[in-house]
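Undergrad: I have a structure here, written as structure tokens, and I will follow up with some questions on it.
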Amino acid sequence: MTFGQVLFEALESLNSNKLRSGLTILGIVIGVAAVIAMLAVGQGAQNTILGSISGIGTNVLFVFRGNDQADVRNVRPLTEQDAEALSDKFAAPSVKAVAPILQGSAEASAAGETTTTTVDGITPDYDEVRNYKTSEGEFISEEQYLGYASVAVIGPETADKLFGRHEGLVGETVRISGQPFRIIGVLESKGGGAFGSQDDAIKIPLTTARSRVIRRSGDRVDLLMIEAADAASVGRASEEVAQILRTRHRNEIGKDDFTIFSQSDFIQTAQTITGVLTIFLGGVAAISLLVGGIGIMNIMLVSVAERTREIGLRKALGARRRDILVQFLAESSLLSLIGGLIGILFGWLIALAVGRIAVATGNAFAPAVSLNAIILATLFSTAVGLFFGIYPANRAASLEPVEALRYE
Amino acid sequence: MEATKLMDEQVIVAQDLTKVYKMGETEVHALRGLSVSVRRGEVVAIMGPSGSGKSTLMNILGCLDHPTSGSYTLDGEEVSALRDDQLAEIRNRKVGFIFQSFNLLSRATALSNVELPLRYANFRQGRKARARASLEAVGLGDRISHHPYELSGGQQQRVAIARALVNNPAIVMADEPTGNLDSKVGGEILDLLLTLNRDLGTTLIIVTHDPNIAANAQRIVRVKDGSIDEGGE
């Protein structure tokens, strides 16, 4: 028999029992749609997270205290002196600017409203390193930093919560942990990100923060952000920073008590996490595809049993083992292929719907149906049809013509 | 020379056929050294009570089953030792089957049903024309696109006969061909088979219980206890 005839007979056979074929196909549709939608959600999550990491800037390094990779005792804190040492143009020529940061959260209140928000104690270099701009007013100046000034730059989301607006706020007063700060600027919106909204924050001078809001012993800071001279010198800057900190902290060789992260490190970590997430989601969805495959096997076994006489007749008329095998495999693969194609469409619609819902609830998140996922789902569902069709088809092909013809 | 000519005339030569079924521990001897031959163009009736080995003999002569031992030459080819797929090909080319219950594919039209053996023979050119000619030969030229459920029992059996003949087989095996039909229609079907035998020279082997049908055959082979019952004729 030619391929066309096989296909035609398989279609004819599936068509003769529409409800049964339809329900079997539905099982595959659900499985494939779930796989496509889940992979799209995973991919979308990855895109969003990677996008927000890219927003940090390509030439920024983060230095944290402590080190997971080595067994280090006597971990020294990062200090403002460390920051100053790193700013030395001769010791670290690839470093353009250093921004030590104190991070904490505090209650902010104004005009009768109260909210808990992130409070960052920063230095005047911060805006340059983080590439922050103000939509109105100024950033914290050197004088304000050195003078322990009670001034604050407020994020637009926090401003909305406290004042119901994020314009015309310069000169207003906000209370942080009960102490009054004069607003000198409003941050430009950066949008939501993987680490929470960057717009829900208040920036105050590091000196003021240490003495009045976020108490830390000595002159320790939580985090150093370092801007390299350009994207190409990030690696060199990282080396220089490590060298200086090793000397200052008297670390043994191979036992740094600090960790330097670059943007590409973050991207790598995020990719690992979202990759695992995507595999997990896809795996859960694949189980439903497996169930659909078992449905195919089930219905094909019923079909083989029902058509035993037909198989016997075909064999009597000269059908070889292979002819019967191909006939039943064609039916099961056709079931899964049709299910796969409809499933891709449905999965894509689900992904679209998830994207719409995400946008409607204020999360910038776009599920991405990738060509890879479509190819994977099509191949996988056809393979499921073939795999779960083999046993019933083989059973049909192995029937003895005499026995099959006698079957009632 | 004499031998080959004799062989050529004999379309079926079966010698010392035995068939043993294993039912668990016990062995059932369905055929015990049965020998039978059929000349080309002959009409032979195979008769015998149930359990006589009649069905087993029909299955082996129709190449649906292997004998346990013995030799079987069909149309000049030794087939007793062939593999299943080779037997399928022999059935396709040399044997036409007519069953008591017609065994038509209900989804397919009369034409498609008759085409089926040609499809398995990978016959491409003129397949439909040949199937149509076969249907016309059994008097169903005006019913080619009907489905089995749109045809009467007699018409369905005619489709089955057309299907059995479409490959120009060496033998046609008819297993109780009139068993599901009333006597009038059954008579018509039997007449059709005999006419085809006369006109086309088809070798016809009819397996039946009915002495009236067997009476139309040129020869009756009676099977009893797995052997030919010599005394019965």
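Derivation of every value follows stated rules applied to the coordinates shown; laboratory data play no part. These numbers come from a predicted model, not from an experiment. Methodologically, a virtual Cβ is constructed for each residue, glycine included, from the backbone with ideal geometry; neighbour enumeration extends over all protein chains shown.
Undergrad: Sorting A:HIS249, B:HIS209 on the 10 Å Cβ count, fewest up front, what's the list?
TA: Placing the least packed residue first, the sequence is B:HIS209, A:HIS249.
Undergrad: Report the Stokes-Einstein translational diffusion coefficient (µm² s⁻¹, integer) for the range B:179-225, Rh taken as the Kirkwood radius over Cα pairs, at 37 °C with viscosity 0.692 mPa s.
TA: 281 µm²/s
Undergrad: Label-point separation (nm) for A:SER398 and A:LEU352, each offset 7 Å from Cα along Cα-to-Cβ?
TA: 4.7 nm
Undergrad: If you take all C-alpha pairs in the range A:67-256, what percent of them are over 29 Å apart?
TA: The calculated P(r) of the range A:67-256 puts 27 percent of pairs beyond 29 Å.
Undergrad: Grab chain A and count how many Lys pairs have their alpha-carbon atoms under 25 Å apart, sequence gap of 8 or more, or different chains.
TA: Within chain A, the lysine pair count is 9.
Undergrad: Return the average number of partner chain Cβ atoms within 10 angstrom of each residue Cβ along peptide B:84-95.
TA: 4
Undergrad: Straight-line reach from B:LYS224: which lysines have a Cα under 21 Å away, not including same-chain ones fewer than 8 places off?
TA: In chain and number order, the partners are B:LYS19, B:LYS22, B:LYS54.
Undergrad: If you don't mind, another one. When the label point is put 7 Å from the Cα of A:SER16 along its Cα-to-beta-carbon vector, which residues of the range A:297-315 have a backbone N closer than 17 Å?
TA: Taking a point 7 Å out along Cα→Cβ of A:SER16, the residues of the range A:297-315 whose backbone N falls under 17 Å are A:299-315.
Undergrad: If you take each beta carbon of peptide B:163-171 and count the beta carbons of other chains within 10 angstrom, what is the mean?
TA: For peptide B:163-171, the averaged partner shielding equals 1.
Undergrad: Then there is this: Could you list B:THR73, B:THR203 so that the one with the fewest beta carbons within 10 Å of its beta carbon is first and the one with the most is last?
TA: Ranked by crowding around the Cβ, least crowded first: B:THR73, B:THR203.
Undergrad: Averaging sequence separations of C-alpha pairs under 8 Å and six or more residues apart, then dividing by the length of the range A:67-256, give the relative contact order as a whole percent.
TA: Once divided by the residue count of the range A:67-256, the mean separation gives 32 percent.
Undergrad: Something else about it: Between A:ILE287 and A:ARG248, what FRET efficiency comes out of the Förster formula 1/(1 + (r/R0)^6) with R0 = 60 Å and r the beta carbon distance, rounded to 0.05?
TA: The computed FRET efficiency comes out at 0.65.
Undergrad: Before rounding to the nearest 500, sum -39500 (n - 2.57) across all DSSP H runs of length at least 4 in chain A and divide by the residue total; then give [θ] at 222 nm in deg cm²/dmol.
TA: -18000 deg cm²/dmol
Undergrad: Put one equal scatterer on each alpha carbon of the range A:86-173, apply the Debye formula with no solvent term, and list log10 I(q)/I(0) at q = 0.23, 0.26 1/Å to two decimals.
TA: -1.30, -1.48
Undergrad: Through the Karplus equation 6.51 cos²θ - 1.76 cosθ + 1.60, θ set to phi - 60°, convert the phi angles of the range A:109-117 into ³J(HN,Hα) values in whole Hz; use x for Gly and Pro.
TA: Values per residue, Gly and Pro as x: 9, 6, 6, x, 8, 10, 8, 9, 9 Hz.
Undergrad: Let me ask something else about it. Only counting other Cβ atoms within 10 Å, I'd like A:LEU399, B:LEU204 sorted with the fewest neighbours first.
TA: Numbers: A:LEU399 20, B:LEU204 25.
So the residues, fewest neighbours to most, are A:LEU399, B:LEU204.
Undergrad: Which FRET efficiency value, to the nearest 0.05, do you get for B:LYS22 and A:ILE294 by plugging their Cβ-Cβ distance into 1/(1 + (r/R0)^6) with R0 = 25 Å? Before the final figure, lay out the partial values.
TA: Working: r = 35 Å, r/R0 = 1.40.
Calculated value: 0.10.
Undergrad: Please report, in whole Å, how far the alpha carbons of the range B:96-162 spread along each principal axis, starting with the longest.
TA: If we take the Cα atoms of the range B:96-162, the spans are 31, 22, 20 Å.
Undergrad: I would also like to ask the following. When every alpha-carbon pair in the range A:2-109 is counted, what percent end up more than 20 Å apart?
TA: Everything past 20 Å amounts to 74 percent.
Undergrad: Given 0.36 nm per residue, what is the gain on full extension from A:VAL170 to A:VAL302 after removing their alpha carbon distance, in nm?
TA: 39.8 nm
Undergrad: For the range B:167-200 and the range A:248-308, write down the distance between their C-alpha centroids in whole Å.
TA: 66 Å
Undergrad: Across the residues of A:319-332, average count of Cβ atoms on other protein chains within 10 Å? Let's see the in-between values first.
TA: Working: counts 8, 8, 4, 2, 4, 1, 0, 0, 0, 0, 0, 0, 0, 0.
Shielding by partners across A:319-332 averages 2.
Undergrad: Related question: Report P(r) for chain A: all Cα-Cα distances, bin width 20 Å, range 0 to the bin holding the largest distance, values in whole percent.
TA: Reading upward from the zero bin: 22, 34, 22, 17, 5, 0.
Undergrad: Let me ask something else. For the range B:109-159 and the range A:112-134, write down the distance between their C-alpha centroids in whole Å.
TA: Taking the Cα centre of each part, the range B:109-159 and the range A:112-134 sit 86 Å apart.
Undergrad: Take each complete run of DSSP H in chain A, measure how far its Cα atoms stretch along the helix's own axis, and keep only those covering 15 Å or more with mean Kyte-Doolittle hydropathy at least 1.0; list them.
TA: TM-like helix candidates: A:18-54, A:263-306, A:321-360, A:371-397.
Undergrad: If you don't mind, there's one more thing I want to ask. So if I take the alpha carbon set of the range A:219-363, get Rg, then get Rh from the Kirkwood formula, what is the Rg over Rh ratio?
TA: 1.35
Undergrad: Using the crude model of +1 on Lys and Arg Cβ and -1 on Asp and Glu Cβ, and no other charge, please compute the dipole size for the range A:67-256 relative to its Cα centre, in debye to 20.
TA: For the range A:67-256, the charge dipole is close to 600 debye.
Undergrad: Let me ask another. Describe numerically, in nm with one decimal, the distance between label points set 7 Å from Cα along Cα→Cβ at A:PHE280 and at B:GLU150.
TA: 6.0 nm
Undergrad: What does the range A:188-297 give for Rg and for Dmax, in Å, if only its C-alpha atoms count?
TA: Here Rg and the maximum Cα pair distance are 22.3, 72 Å.
Undergrad: How big is the equivalent ellipsoid of chain B along its three axes, where each semi-axis is √(5λ) from the Cα gyration tensor, reported in whole Å from largest to smallest?
TA: So the equivalent ellipsoid measures 29, 20, 18 Å along its semi-axes.
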